[in-house]
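*Asks:* Below is one structure. I have some questions about it.
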Amino acid sequence: QVLLVESGGGLVQAGGSLRLSCADSRRTFSNYAMAWFRQAPGKEREFVSAISRSGGSIDYADSVKGRFTISRDNAKNTLYLQMNSLKPEDTAVYYCAARPSYRDVQRQNYPYWGQGTQVTVSS
């Protein structure tokens, strides 16, 4: 059983920063590629960033490149997303996801999901 729990969301002004965390209850966290997705009201869930099992390979959506940084601490079983220079269009529920294989940008390839954390960026 995979249990992913996101935290760190909240309300922030445009230009501000937030750091999301995703805690994984499993001792096999390091065997899973991890990713962040987000879903804004009325829109489909979209890819934000993915990181390989070792943390050595990373992908970002074009919309967040240069502003967001994904990282992981395998010793703490935790995934992070540092979000800087936030924009109102970053407002969404952010989800972490896991897959027991290589990193991927397609949401349908991730079998395990957290419950999401709300990020709201005011203008």
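The values are calculated or read from the model by the stated rules, or taken from the named source; none is laboratory data. Keep in mind that this is a model prediction, so the values were computed, not measured. All Cβ positions, even for glycine, are placed from backbone atoms using ideal geometry, and neighbour counts span all protein chains on display. Calculation scope for accessible area: heavy atoms of the full protein, side chains included, ligands and nucleic acids excluded. Shrake-Rupley method; radii C 1.70, N 1.55, O 1.52, S 1.80 Å.
*Asks:* Quick check on the stretch 66-84. Is at least one of its residues among the hydroxyl-bearing types (Ser, Thr, Tyr), part of a loop (DSSP other than H, G, I, E, B) and open to solvent by 20 Å² or more (accessible area, probe 1.4 Å)?
*Replies:* First, the residues of the stretch 66-84 that are among the hydroxyl-bearing types (Ser, Thr, Tyr): 69, 71, 78, 80.
Those left that are additionally part of a loop (DSSP other than H, G, I, E, B): none.
No, there is no match, as no residue in the stretch 66-84 is among the hydroxyl-bearing types (Ser, Thr, Tyr), part of a loop (DSSP other than H, G, I, E, B) and open to solvent by 20 Å² or more (accessible area, probe 1.4 Å).
*Asks:* Now, a different point. Output the residue which, of all residues in the stretch 25-52 that are out of contact with any Lys or Arg (no Cβ under 8 Å at 6 or more places or on another chain) and basic (Lys, Arg), is modelled with the lowest pLDDT.
*Replies:* ARG27
*Asks:* Next question, about the same structure. Please identify the pairs in which a residue from the stretch 94-114 that is over 27 Å from GLY10 (Cα atoms) has its Cβ atom under 9 Å from the Cβ atom of a residue that is buried (at least 19 other Cβ atoms within 10 Å of the Cβ) and among the acidic types (Asp, Glu), counting only partners at least 6 apart or on another chain.
*Replies:* Matching pairs, first to second residue: none at all.
*Asks:* Turning to a different aspect of this structure: Identify, please: which residue in the stretch 1-22 is over 16 Å from THR120 (Cα atoms) and open to solvent by 50 Å² or more (accessible area, probe 1.4 Å) and is, among those, modelled with the highest pLDDT?
*Replies:* For the stretch 1-22, the residue satisfying everything is VAL5.
*Asks:* Another question about this same structure. Answer with yes or no whether THR120 is at pLDDT 95 or above, open to solvent by 60 Å² or more (accessible area, probe 1.4 Å) and in a strand (DSSP E or B).
*Replies:* On the way: at pLDDT 95 or above: yes; open to solvent by 60 Å² or more (accessible area, probe 1.4 Å): no; in a strand (DSSP E or B): yes.
No: the conditions fail for THR120.
*Asks:* Check the stretch 58-74 and report whether any residue there is small (Gly, Ala, Ser) and over 21 Å from LEU18 (Cα atoms). Lay out the reasoning, then the answer.
*Replies:* First, the residues of the stretch 58-74 that are small (Gly, Ala, Ser): 61, 63, 66, 71.
Narrowing the set further to residues that are over 21 Å from LEU18 (Cα atoms) leaves none.
Checking the stretch 58-74: not a single residue is small (Gly, Ala, Ser) and over 21 Å from LEU18 (Cα atoms).
*Asks:* Kindly establish whether GLN108 is polar (S, T, N, Q), open to solvent by 30 Å² or more (accessible area, probe 1.4 Å), over 16 Å from PHE68 (Cα atoms) and modelled with pLDDT of 95 or more.
*Replies:* On the way: polar (S, T, N, Q): yes; open to solvent by 30 Å² or more (accessible area, probe 1.4 Å): yes; over 16 Å from PHE68 (Cα atoms): yes; modelled with pLDDT of 95 or more: yes.
Here the answer is yes, as GLN108 does meet what is asked.
*Asks:* Among the listed residues TYR102, TYR94, which satisfies the condition of being of a type outside the set (D, E, K, R) and either assigned to a strand (DSSP E or B) or open to solvent by less than 30 Å² (accessible area, probe 1.4 Å) (or both)? Let's see the steps before the verdict.
*Replies:* Working: TYR102 fails: either assigned to a strand (DSSP E or B) or open to solvent by less than 30 Å² (accessible area, probe 1.4 Å) (or both).
Selected residue: TYR94, the only one of TYR102, TYR94 that is of a type outside the set (D, E, K, R) and either assigned to a strand (DSSP E or B) or open to solvent by less than 30 Å² (accessible area, probe 1.4 Å) (or both).
*Asks:* Within the stretch 28-53, which residues are more than 25 Å from GLY16 (Cα to Cα) and touching a helix residue (DSSP H, G or I) at 6+ places or on another chain (Cβ under 8 Å)?
*Replies:* Listed by number, the list holds a single entry, ARG53.
*Asks:* Would you be able to say whether some residue in the stretch 34-41 is of a type in the set (Lys, Arg), surrounded by fewer than 19 Cβ atoms within 10 Å (Cβ to Cβ) and either out of contact with any Cys (no Cβ under 6 Å at 6 or more places or on another chain) or part of a loop (DSSP other than H, G, I, E, B) (or both)?
*Replies:* The first filter runs over the stretch 34-41 and keeps only residues of a type in the set (Lys, Arg), leaving 38.
Still in the running and surrounded by fewer than 19 Cβ atoms within 10 Å (Cβ to Cβ): none.
Among the residues of the stretch 34-41, not one is of a type in the set (Lys, Arg), surrounded by fewer than 19 Cβ atoms within 10 Å (Cβ to Cβ) and either out of contact with any Cys (no Cβ under 6 Å at 6 or more places or on another chain) or part of a loop (DSSP other than H, G, I, E, B) (or both), which makes the answer no.
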